[in-house]
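A.B. asks: Can you keep this structure in mind? I'll have questions shortly.
The values are calculated or read from the model by the stated rules, or taken from the named source; none is laboratory data. No experiment lies behind these values; they were computed from the predicted model shown. So basically every Cβ, Gly included, is an ideal-geometry build from the backbone, and we count neighbours across all protein chains shown.
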Amino acid sequence: AVKQPDHELDEPFYTQCQEPAVEKPRENAALVMLARNSELKKALKTVESIEKHFNGWFHYPIVFLNDEPWSAEFMKAMNASVSGVARFEVIPKDEWTFPAWMDANEAKEAIAKQGRDGILYGGLETYHHMCRFYSGKFYTLKALQQYKWYWRIEPDVDFHCSITYDPFVEMAKHDKVYGFTISLPEEPMTCPSLFREIADWKEEHNIPTTELWKATVTASWVPWPFRSWMSRFRHRDKAGDGWSLCHYWSNFEIANMDFFRDRKYQDLYEHLDKTRGFYEERWGDAAVHSLALAMLLNSDQVHHFEDFGYRHDWFFQCPANAPGGQLLESKALGDFPFNKERQGGIGCRCECDGAQTRNYASYCLNKLKQPNTSKRLGPIGWFKTW
Ligand code: GDP
Ligand code: MN
């Protein structure tokens, strides 16, 4: 086979403003937001942002998920703000709780202990339910069965650039399974045994090692005689190789649900659920998704939406505008090869400053971005975070 030149791998689908193809067919897709009634203001902010920058042209339905009945106020405000259909769904009680094989009191004790230990969100029972839900039952939820693709959104996020093409259509066309914006390292104390569980499952099921897996797992620098000794430490597999802790941040995801509904992923989820790690530790859905993707996909099936301006909490991705972005003139950026690649910019009408707010955590972006492209940074790029 002819080797593809690597610059063809995982380029942005478009690098400047397009005339939105509003007459073209859509994919079978929905925007999905899990939220609480109390988050109305923040949820509204997100919906207004995505309607203004994308959905005002494409009119995809937005499905709102809640573990409690929706308030009339929430539904009224959303109905007034969406350009497509808004659907309000309640997650069945038994899909938002401890698994049947866990004693609720023991689980609550484990959660309280994580709170005392100062583990991020570890003391919040609802947060554990949320992570477990997004890791598994989300994909088999009755309310979402009719859709093949989802775009996950959250209260209080911003989209900074116009998205003038249909990412679902492009992902389908390019055989992509999963799209992300920001990648960063997981809090190690939330998941001491997650990586080992997944690595063991991989071994048991004879899953071949992909490029993505290799990129996510850092082969140990420890000499062979000491490797099995090393393997007793957290975030290492039986061979002593470690997980970089890098993962795709799941508050933004555009993905094909077939992957997650497939027996392989569901098996893995069931296995993880059996170990009780969603409660005895505080495994995040982002880490679970990322490690599963790393194990089961080829690197060209994951897409980095580097042309999307996006913010959640204090983490940004801000592309410079195309064409002729100011990126190169910025003294702040320095003379790194990675920056030169961005000459001219790639975003459309971005309202953020591409010279100030680059993607967070180059180290993890570098790890998880197409492992076999020349766009990965050399070691020097690791030190350049914004
Ligand atoms: P963070 O982004 O990790 O800081 O976590 P968030 O608090 O933003 O929660 C992630 C997502 O889950 C957001 O969409 C929240 O609205 C949602 N969420 C978290 N906990 C609950 C809950 O108890 N009930 C509902 N309905 N949504 C929740
Ligand atoms: Mn959030």
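Here's the yes/no breakdown for (1) of a type outside the set (Lys, Arg); (2) out of contact with any helix residue (DSSP H, G or I) (no Cβ under 8 Å at 6 or more places or on another chain):
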site: 249; (1), (2): yes, no
site: 254; (1), (2): yes, no
site: 264; (1), (2): no, no
site: 283; (1), (2): yes, no
site: 288; (1), (2): yes, no
site: 291; (1), (2): yes, no
site: 306; (1), (2): yes, yes
site: 315; (1), (2): yes, yes
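A.B. asks: Applying the selection to segment 85-109, what residues are in contact (Cβ under 8 Å) with a residue 60 or more places away in the chain and part of a helix (DSSP H, G or I)?
C.D. replies: The one that is in contact (Cβ under 8 Å) with a residue 60 or more places away in the chain and part of a helix (DSSP H, G or I): 107.
A.B. asks: Let me ask something else about it. So which helices (runs of 4 or more DSSP H) are wholly in segment 185-258 and hold at least 2 residues that are basic (Lys, Arg)?
C.D. replies: Helices (runs of 4 or more DSSP H) meeting the threshold: 194-204.
A.B. asks: Has segment 161-180 got any residue that is more than 16 Å from ligand 2 (Cβ to nearest atom), assigned to a helix (DSSP H, G or I) and modelled with pLDDT under 95?
C.D. replies: There is no residue in segment 161-180 that is more than 16 Å from ligand 2 (Cβ to nearest atom), assigned to a helix (DSSP H, G or I) and modelled with pLDDT under 95.
A.B. asks: Hey, another quick one. Scan segment 68-84 for residues that are out of contact with any Asp or Glu (no Cβ under 9 Å at 6 or more places or on another chain) and either crowded, with 17+ Cβ neighbours inside 10 Å or in a helix (DSSP H, G or I) (or both) and jot them down.
C.D. replies: Correct list: 72, 73, 75, 76, 77, 78, 79.
A.B. asks: I've got another one for you. Take the residues in segment 134-157 that are within 18 Å of residue 78 (Cβ to Cβ) and within 15 Å of ligand 2 (Cβ to nearest atom), then tell me which one is surrounded by the most Cβ atoms within 10 Å (Cβ to Cβ).
C.D. replies: 153
A.B. asks: Here's another thing I want to ask about it. For residue 65, indicate whether it is modelled with pLDDT of 95 or more, more than 21 Å from the chain's Cα centre (by Cα) and within 16 Å of ligand 2 (Cβ to nearest atom).
C.D. replies: no
A.B. asks: Between a residue in segment 53-65 that is over 16 Å from residue 155 (Cβ atoms) and any residue that is acidic (Asp, Glu) and at pLDDT 95 or above, which pairs come within a Cβ distance under 7 Å, given they are 6 or more apart or on different chains?
C.D. replies: Sorted first by the residue in segment 53-65, then by its partner, the pairs are 58/166.
A.B. asks: Looking at this structure, is residue 43 surrounded by 15 or more Cβ atoms within 10 Å (Cβ to Cβ) and among the small types (Gly, Ala, Ser)?
C.D. replies: In short, yes.
A.B. asks: For residue 199, work out the one condition from (1) surrounded by fewer than 18 Cβ atoms within 10 Å (Cβ to Cβ); (2) over 19 Å from the mean Cα position of the chain (by Cα); (3) closer than 18 Å to residue 274 by Cα it doesn't fulfil.
C.D. replies: Checking residue 199 against (1) surrounded by fewer than 18 Cβ atoms within 10 Å (Cβ to Cβ); (2) over 19 Å from the mean Cα position of the chain (by Cα); (3) closer than 18 Å to residue 274 by Cα, the one that fails is (1).
A.B. asks: Please verify whether residue 121 is outside any loop (DSSP other than H, G, I, E, B), within 20 Å of the chain's Cα centre (by Cα), within 23 Å of residue 66 (Cα to Cα) and of a type outside the set (Val, Ile, Thr), treating the condition exactly as stated.
C.D. replies: no
A.B. asks: Do you know which residues across segment 115-125 are within 13 Å of ligand 1 (Cβ to nearest atom) and free of Cβ contacts under 8 Å to residues at least 24 places away in the same chain?
C.D. replies: Correct list: 124, 125.
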